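Scroll down for the structure; my scribbles are underneath it.
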Amino acid sequence: MPMPRPSASTTYEKSRTSTRHPLALTIILSTALLALSPAQAANLTDNRRSGYAFMGPPLRAMQDDDMTNPASLWQRDGETLWAEPIGEAGRSCADCHGDAASSMRGVAARYPAFDRTMNRPIDLEQRINHCRTAYQKAGPLAFESHDLLALSTHVARQSRGLPIAIENSKALHPFLAMGRSLFHERQGQLNLSCAQCHDDNAGRSLGGATIPQAHPTGYPLYRLEWQGVGSLQRRLRNCMSGMRAAPYAFGAEAFVDLELYLMWRANGMPMESPAVRP
Amino acid sequence: MPKAGSRRSRRRFSVEAFVLLPMALAGTVALAEPPLQPYAVVGDSIPRPLTGQPGDPDAGRRIVADRQEGLCLLCHSGPFPEQPLQGDLAPALDGAGERWSSGQLRLRIVDARRVSPGTIMPSYYRTQGLVQVAPAFVGRPILTAEQIEDVVAYLATLRR
C-alpha cells in the first residue's frame, strides 16, 4: 500500500501557521544580513574557498604586500614592457590602451573570453599575443616566457580584488561544456579526474599537500615550488603529469576550455593576481 | 576477376603496411614490458598469486613507502615513522592484513574499481581503456606482477 500523500491544504495550513508574518520575517532577516560585511554575507551561502584560505599567515602576508610578493618583480617588468614600442608598427601597449591601471581594470577577471576572429574563447596570454601579432606587428611571445608572464601579471594585477566575471554568453556554452567534461574525465595511467581530487577530496592531504578546490583566482601566480611566476596552464600541466597523463601543449584548445570552466566556477570570487602559493 | 583480385591484393598490401609497422614498433615496447598475467576474480578476491614466486614483504614495504613507485602514501597513511608526509584521502594501511585476506588485498591493488566503481584508488595492474596516458607509461601497469605480490606480502603483515 502506498503511503497517502498529504493533501495540498494541510501543507498550506502548516506553512501558513509557521510564517504568520512573512513580511516581518523578511525584514528581520534582511536587517541581520545588512549587519554583516559583504564577504561574511557571501560566506553564508558560498562554500567556495580560494587556495588562499588553505595557506598559513606567513604566505598570506607575503601575497598581500606588494613589497614582499615576489611576483611584483614580474609585474614591474610588465609595466616597463607595457610602455615599450615594439614590432614593425613601432607601437607600445600603452599607445592604444593608455594607462593599464584604468584600461585593464577588471579585464583579467573576464578571461578566457570569446574572440570573434577565432570563433572560440581565448585566454589572457593568447589575447596579449594576438595584440602583438595583429596590431604591433611583432612575433608572439612563447608561453611561460618571462616577458609574457610579466605582461600577463601586469594586466592581471589591475583586477586584484575585483570579482571574477566570466560572461554568461551562449557562444561560450559549448566550450564551458567541453571544459566541464574534461574536468570530470578520468585520464592518465592513474586514471584520475580533476574532480576526484578537487571536488571530492578538497581540503584533504595528498601526500602532505592540502588539495585546494581548484579556483584559479590568482593567476599568474608565484609558486614557491617553482621559484617563479607561472600561468594556470603550467599548473594544469603539473596536475596532468601527476596523473601520468600526457599534458596538452601550451595554448591547446582543451586547456583554454578547462581554464574557462574553472574561471566560470569561480565567478564572483575576488581576483588575487598575482597570488602566492606553496 | 583478375583485375579486381589484383586491386584487392594491392590494397591489402597497403593495409598491411599500416597495420604491421605500428605492430612492429609496439613489439619493441612489448619486449620491454611483458604482457599482463591473467588472473581470476573470485567474489571480492584474487585468490591465486600473480606470480610463481612468493612476494617479499621487505621489498613490498619499500614500494609502499616510495612516493614515485607505489604512490600509496600520497593517499594512505601507515606505520612509516620515517615518512612525515602521508595522505588522508583513503583509509590508513595499519591493520590492513587483519581486515583483508591476501586475495582481497590483491584485488584491491590490481583493480579496486571491481569492488568500488567510483573509487579514487587507481587500478595498479591495468593497461587498457585508459585515456591520454603519458608516453613513458603507455602499455605499462603502475606496478608489475612481482611488485604487487611484494606489496600484498607486506600488507598481510600489518596487524594492529
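The values are calculated or read from the model by the stated rules, or taken from the named source; none is laboratory data. Quick caveat: nothing in here was measured; it's all calculated off a predicted structure. Here the Cβ is made from the backbone with ideal geometry for all residues, glycine too, and neighbour counts use every protein chain on show. These area figures cover heavy atoms from the full protein model, side chains too; ligands, DNA and RNA do not enter into them. Shrake-Rupley method; radii C 1.70, N 1.55, O 1.52, S 1.80 Å.
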Being among the β-branched types (Val, Ile, Thr), assigned by TED's automatic domain parsing to the domain that holds B:Arg140, within 17 Å of the chain's Cα centre (by Cα) and under 17 Å from A:Asn201 (Cβ atoms) narrows B:Thr119, B:Thr127 down to just B:Thr119
B:Leu71 passes all but one of the listed conditions (1) in contact (Cβ under 8 Å) with a residue 40 or more places away in the chain; (2) of a type in the set (A, V, I, L, M); (3) more than 16 Å from B:Asp150 (Cα to Cα); the exception is number (3)
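Considering A:Pro212, A:Pro140, A:Pro220, which residue is over 30 Å from B:Gly129 (Cα atoms), more than 12 Å from chain B (Cβ to nearest Cβ), open to solvent by 30 Å² or more (accessible area, probe 1.4 Å) and not hydrophobic (A, V, I, L, M, F, W, C)?
Details: A:Pro212 fails: over 30 Å from B:Gly129 (Cα atoms); A:Pro220 fails: open to solvent by 30 Å² or more (accessible area, probe 1.4 Å).
The unique qualifying residue is A:Pro140.
I'm trying to understand the selection: among the residues of region B:50-99, which are of a type in the set (Lys, Arg) and assigned to a helix (DSSP H, G or I)? If you could, list the steps in order and put the result at the bottom.
Restricting attention to region B:50-99, the residues satisfying the condition of being of a type in the set (Lys, Arg) are B:61-62, B:67, B:99.
Passing the criteria: B:Arg61, B:Arg62, B:Arg99.
Quick one: which of A:Arg180, A:Arg237 is open to solvent by 50 Å² or more (accessible area, probe 1.4 Å) and touching a residue at least 24 places away in the same chain (Cβ under 8 Å)? Steps first, answer last, please.
On the way: A:Arg237 fails: touching a residue at least 24 places away in the same chain (Cβ under 8 Å).
After applying the criteria, what remains is A:Arg180.
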Say whether the condition of being open to solvent by 30 Å² or more (accessible area, probe 1.4 Å), farther than 15 Å from A:Glu79 by Cβ and either modelled with pLDDT of 95 or more or part of a helix (DSSP H, G or I) (or both) is met by at least one residue in region A:96-103. yes
Of (1) open to solvent by 30 Å² or more (accessible area, probe 1.4 Å); (2) over 20 Å from B:Gln37 (Cα atoms); (3) within 14 Å of chain A (Cβ to nearest Cβ), B:Gly78 fails just (1)
Original post:
Any chance region B:57-64 includes a residue that's within 14 Å of chain A (Cβ to nearest Cβ) and either surrounded by 15 or more Cβ atoms within 10 Å (Cβ to Cβ) or closer than 24 Å to B:Gly139 by Cβ (or both)?
Top reply: yes
